[in-house]
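The values are calculated or read from the model by the stated rules, or taken from the named source; none is laboratory data. Every value quoted in this text rests on a predicted model; they were computed, and no experiment measured them. Here the Cβ is made from the backbone with ideal geometry for all residues, glycine too, and neighbour counts use every protein chain on show. Calculation scope for accessible area: heavy atoms of the full protein, side chains included, ligands and nucleic acids excluded. Shrake-Rupley method; radii C 1.70, N 1.55, O 1.52, S 1.80 Å.
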Amino acid sequence: MDKLTLTALLDEDKEMVLSNLKGDVALSAAQTTLEKAVDRLMYRYAEACDDPSLRESAQHILQAIKNTLPVMDAVGEARTWNRQAKSSKTRLSLGLMAVALLVAGVVLVLASVLGVLIGGRFRGPLAFLQALLPAVLGCGALYWAGIQSARPAKRPGAQEEAVRTEFLTDGEKAWHCLRGAVLQADGQLERIRQGNALRAQKASEISDGGKLDPEALELFSELLETAYAAGDEGSRESASAIRFYLHNAGIDVVDYTAGRESWFEFLPSNRPGTMRPALVSDGKLIKKGMASK
């Protein structure tokens, strides 16, 4: 069975994720799509993984990825929109110029009317012609006063408010951002898996070695090799004492005999025999011996 990885699970959802990303290219929609993809990945990995420590580690790593999704790195296009605000109400604005024109227009029109009423008694039709010019000027002043008062005032910052920039997501870029983050997560999980396997192996070695750790086994193996090499009475007594101690610890000291070749390493020699005995616990080899053929 292939090793379970987050990347393999994510690749199974590639078509679905890309379809959702292309369906709505807004950044907010892309953020939601990628977050849902991470949630689904977290759920599927938790179901498929048998190792509790890896499940917990994957959950923490994927949650960190979800909280830091690099969506801005997936921007493919930026659109700028120009909006023109429409006002439903027309408000009169009587500025200084509009008031001056209004007053001047009213004065000129009244002056022309009064000139006709007063001067007409004495000069007849000529008074009407003399009053015509002030009347025309007054009407013109009133017209411009109306234009000035009806013109909308400019608001500060109106130009800036009329421009809006929209960022659009590139679906392929967003997918590769997510997949790159998941690949890094797989690397972290692999290191955790290797660490767990190494700790389990050491624990197994200690368990297989009875009550002794690997360092002690190595020491006793070297002492036995030295005693076997010496071959005198004192060395044989030392070897016997080590045998007895190891036996009480659940470890047997085994010399080379025919049929036990797998428990020994061999060196060429004129005298065949055991150079360093093998160490065995419950029928399982825990330290190879050395012999000569």
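The packing ranking, built from the mean of other Cβ atoms within 10 Å per residue, places the peptides 23-34, 262-273 in the order 23-34, 262-273, highest first.
Per 0.36 nm of contour for each residue apart, how much would the distance between SER262 and ALA29 grow if the chain were fully extended, relative to their Cα-Cα spacing?
77.5 nm
In this simple spin-label approximation, ARG191 and GLU56 carry label points 7 Å from Cα along the Cα→Cβ vector, and these lie 1.9 nm apart. Based on Cα contacts under 8 Å between residues 6+ apart, the stretch 230-287 shows a relative contact order of 33 percent.
Only alpha carbons enter this Debye calculation for the stretch 1-58, each as an equal point scatterer, and the log10 of I(q)/I(0) it gives at q = 0.25, 0.27, 0.28, 0.29 Å⁻¹ is -0.98, -1.07, -1.12, -1.16.
Can you send over the carbon and sulfur percentage of the accessible area for the stretch 210-293, probe radius 1.4 Å, protein chains only?
On the way: 2700 of 5110 Å².
Of the solvent-accessible surface of the stretch 210-293, carbon and sulfur hold 53 percent.
Rounded to the nearest 0.05, the FRET efficiency derived from the C-beta distance between HIS247 and ASN270 at R0 = 25 Å is 0.20. A crude spin-label estimate for the pair LYS22 and LYS288, with each label 7 Å from Cα along the Cβ direction, gives 5.8 nm.
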